[in-house]
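A short write-up of the structure that comes next.
The values are calculated or read from the model by the stated rules, or taken from the named source; none is laboratory data. Values in this document were obtained by computation on a predicted structure and should not be read as measured data. Surface accessibility is based on the protein's heavy atoms, side chains included, excluding ligands, DNA and RNA. Shrake-Rupley method; radii C 1.70, N 1.55, O 1.52, S 1.80 Å.
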Amino acid sequence: QVQLVESGGGLVQAGGSLRLSCVASGIAVGRNTVGWYRQAPGKQRELVARITTGGSADYADSVPGRFTISRDNAKNTVWLQMNSLKPEDTAVYYCNLFPNNIPWGKGTLVTVSS
């Protein structure tokens, strides 16, 4: 069964940091472009970062310099390091393949207080 499971969210003050994890099963993260997405209350889900099979990373305009996506093929895991968090980063964060998504997981909630 192909599955991506997110974890690492929580409550953090503005300016703080969190590291999100995405553990894959049934699929190799190193053979796919994997993205971190987020959905804030009342808003559409958006792509915030992605890492290609070659290891190149792309970021949404709202996060470059603050978020870093990385991958460990041996652990079949993709991380999202989030620094200098802002209240507007509050959202449920998901990982999924890009561009052809598999069924979405539960995500992990990130709440940034001001």
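When DSSP beta bridges are restricted to pairs lying wholly in region 29-100, around 95% turn out antiparallel. Computed over the chain, the range of Cα coordinates on each principal axis works out to 39, 25, 22 Å, biggest value leading. Rolling a 1.4 Å probe over the protein heavy atoms gives region 1-98 an accessible area of 50 Å² per residue. Summarising the amide proton neighbourhood of T90: residues at separation of 5 or more, or on other chains, whose placed amide H is nearer than 5 Å comprise V112. Within the accessible area of region 62-114, the carbon and sulfur atoms contribute 52%, probe 1.4 Å, all protein chains present.
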